[in-house]
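Presented below is the structure to which this report refers.
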Amino acid sequence: MGSTKTSLILGFLGFLFLDSLLFCSAYNVHHYSFLLRETNFTRLCTTKSMFTVNGQWPGPTIHVRKGDKAFVNVHNNGDYGVTIHWHGVKQPKNPWSDGPENITQCPIKPGKNFTYEVIFSDEEGTLWWHAHSDWSRATIHGAIVILPEIGKTYPFPKPYAEQVLILAEWFNGDVKELIDEATSTGGDPTPSNAYALNGQPGFPNNCSNETSFRFPVQYGKTYLLRLVNAGMNEEMFFGIAKHNITVVAQDAAYIKPITTSYIMITPGQTMDILVTANQAPSYYYIAASPFFDSSAPYDTTNTSAILQYKGTYTIPTTIPYPTLPNVTDKAAADNFTTRIRSLASAEHPVYVPKNVTTRIFITVSVNQIVCANASCGGPSGNRLSASLNNISFVTPSTDVLQAYYKSLPNVFDKDFPNLPPYKFNFTGDVGNNTLYPSLGTKARLINYGDVVEIVYQGTNVGNAENHPMHLHGFSFYLVGTGYGNFDLTNSIKTYNLIDPPEGFGLCTVIWNDMRVGAWTLF
């Protein structure tokens with residue numbers, strides 16, 4: 001529920017002060033047309049109208065090479081304003097096309113169109129695009145495939161073929177109405193009714209077995225799966241029955257290969273995965289199930305697709321299903337995420353800046369805003385509201401980027417603090433003295449060339465929930481995580497400054513028992 005507030009503030013830190021990135025001047029230009037309109041879909045025996053791009057769910061995949069440029073003309077034939085964000089694309093010197101509503105641009109009004117210029121620089125691998133207005137991204141999203149430059153190849157054997165897989169959530173109700181209701185009442189949003197793989201819930205969901213997405217494979221061949229978690233809230237465990245998988249990249253950055261029977265992927269995250277069709281030709285389930293260890297409501301269902309070998313054989317009466325960790329298995333989640341390391345090779349080097357010039361310590365909490373006469377739908381009749389350093393973000397009516405460049409007054413304040421208002425036992429008995437946040441539209445101005453370290457500290461304020469952090473404009477290194485309260489002296493000693501994973505939304509840092517993460521930005 002705090003994802004919008006969090007990403008808006010962090011996104012502003014990211015895109016506003018990135019000056020430039022060096023990238024090849026010889027590039028190809030691609031053109032896409034996105035028509036946003038209502039389209040009828042039937043899932044779980046329920047038919048409803050959904051806001052989509054070109055009538056597709058998921059939407060079309062954008063294909064480019066490293067260093068290319070794409071122009072995407074978005075025509076909004078819907079009933080309300082919307083923007084599009086190119087998730088993980090740094091957009092050097094081009095924040096006006098980044099997309100967050102009322103941060104980099106005003107929404108595209110119904111009946112109007114806007115052409116985005118999407119500049120690819122050093123990204124290589126899998127990213128995705130999505131709406132950045134309310135919950136429109138639940139149905140308006142798609143993958144971005146960024147191939148290596150011509151004459152170069154992957155840092156692993158070229159796969160036989162590739163397949164995009166997009167995890168998402170299906171809501172029987174209208175997602176705009178659901179989030180409007182949650183915003184109005186101040187309570188938790190209604191969870192989804194099912195998860196989906198490439199738009200299909202699959203087994204064991206109602207009315208879904210026959211429509212499961214099928215991925216045909218040839219025995220002995222290795223395939224590259226480009227996995228996107230386009231879900232609104234939940235982290236997901238993912239695996240393929242009787243097949244090991246090898247993760248080779250995440251968030252368009254190569255990593256040291258991890259061979260495993262399952263992964264854990266967070267909302268907004270992407271992973272490139274190799275799988276070799278080396279089992280007896282048959283059908284095998286590809287499946288995903290939630291990882292969730294909070295007491296907040298969530299979707300408890302699973303989703304699946306079918307890995308289907310080509311050839312002649314007897315179709316099994318019972319299709320093997322992968323063994324995935326239990327929904328609350330933190331150890332299983334940690335077992336995967338702590339293995340992630342940057343590739344750090346000669347062609348894909350790591351340059352971790354060590355001379356930190358700016359340190360920012362941010363507490364992340366789920367707070368309450370008092371409602372008169374206990375009239376809201378959250379705890380004690382109050383309104384739920386996430387906060388950073390005890391400040392809950394207020395979306396302005398004028399976009400922040402325009403206000404910055406035109407020096408417009410009374411749109412945002414430049415005093416987002418580098419420390420919480422006061423120190424307390426963040427993961428202990430916090431009491432009620434930290435429950436109620438202040439409200440504001442704040443940003444932190446950072447000098448060009450600064451090396452910034454941000455430590456995110458989860459707290460026991462409110463009902464702690466897992467949630468990833470995402471930064472617009474440039475990537476960062478995840479140099480350390482831990483449980484409990486961050487300690488400047490001892491926690492720094494555990495930093496990985498050799499091959500930390502690089503990304504723009506690497507992993508969950510808010511855990512039920514308060515894991516903290518330090519991210520060094522460059």
- Over the stretch 138-283, what is the relative contact order in whole percent, taking alpha-carbon pairs under 8 Å and six or more residues apart? 24
- With the contact rule set at Cα under 8 Å and sequence spacing of 6 or more, what percent relative contact order holds for the chain? 15
- Message: Checking the cross-link filter: which aspartates and glutamates have an alpha carbon closer than 12 Å to that of LYS221, excluding same-chain neighbours under 8 positions apart?
- Response: GLU162
- Taking only DSSP H segments of four or more residues, each worth -39500 (n - 2.57), what value at 222 nm results for the chain once the sum is divided by all its residues, to the nearest 500 deg cm²/dmol? -2000 deg cm²/dmol
- Exposure rule at most 13 other beta-carbon atoms within 10 Å, DSSP loop GluC sites (Glu not before Pro): the chain longest free segment: 1-209
- Message: Set the bar at 25 Å for Cα to Cα. Now go through LYS66/LYS112; LYS330/LYS354; LYS90/LYS176; LYS90/LYS442; LYS90/LYS152 and name every pair that lies beyond it.
- Response: LYS66/LYS112; LYS330/LYS354; LYS90/LYS176
- Note on the structure: In cubic angstrom per residue, the convex hull of the stretch 62-125 built on its Cα atoms measures 80
- Task: List the chymotrypsin sites (Phe, Trp or Tyr not before Pro) within the stretch 432-500 that fall in a DSSP loop (any state other than H, G, I, E or B) and whose Cβ has at most 10 other Cβ atoms within 10 Å.
- Result: TYR448
- Item | DSSP-loop chymotrypsin sites (Phe, Trp or Tyr not before Pro) across the stretch 307-413, with at most 16 other Cβ within 10 angstrom | TYR313, TYR351
- Checked the chain against the a/c 1.5 cut and the a/b vs b/c comparison, axes a ≥ b ≥ c from its Cα gyration tensor; verdict rounded
- Query: According to the square roots a ≥ b ≥ c of the eigenvalues of the Cα gyration tensor, what is the shape class of the stretch 142-219, taking rounded for a/c under 1.5, prolate for a/b larger than b/c otherwise, and oblate for the remainder?
  - Reply: oblate
- Item | Using distinct alpha-carbon pairs, which all enter the 1/r mean, Kirkwood radius of the stretch 250-314 in Å | 14.9
- Item | Percentage, to the nearest whole number, of Cα pairs in the stretch 19-150 over 20 Å apart | 43
- Item | Pairs of Cα atoms farther than 13 Å apart, the stretch 313-361, % | 78
- Considering only DSSP beta bridges whose two residues both sit in the chain, what percent are antiparallel, to the nearest 5? 70
- Message: Take PHE71 and SER380, extend 7 Å from each Cα along the Cα→Cβ direction, and tell me the distance between the two endpoints in nm.
- Response: 5.6
- Message: At a threshold of 8 angstrom on Cα-Cα distance, excluding pairs fewer than six apart, so keeping six or more, what relative contact order does the stretch 327-473 reach in percent?
- Response: 31
- Honestly the stretch 385-511 on the Cα gyration tensor test (a ≥ b ≥ c root eigenvalues; a/c under 1.5 rounded, otherwise a/b vs b/c for prolate or oblate) is just oblate
- May I ask you to derive the FRET efficiency for LYS493 and PHE41 from their Cβ-Cβ distance with R0 = 56 Å, giving the value to the nearest 0.05? 0.60
- Message: If you scale each eigenvalue of the Cα gyration tensor by 5 and take the root, what three semi-axes come out for the stretch 340-385, rounded to whole angstrom and sorted largest first?
- Response: 47, 15, 6
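Every number in this text was worked out from the coordinates using simple rules, so none of it is lab data. Not measured: the values here are computed from a predicted model. Neighbour counts run over all protein chains shown; Cβ positions are idealised from the backbone, glycine included.
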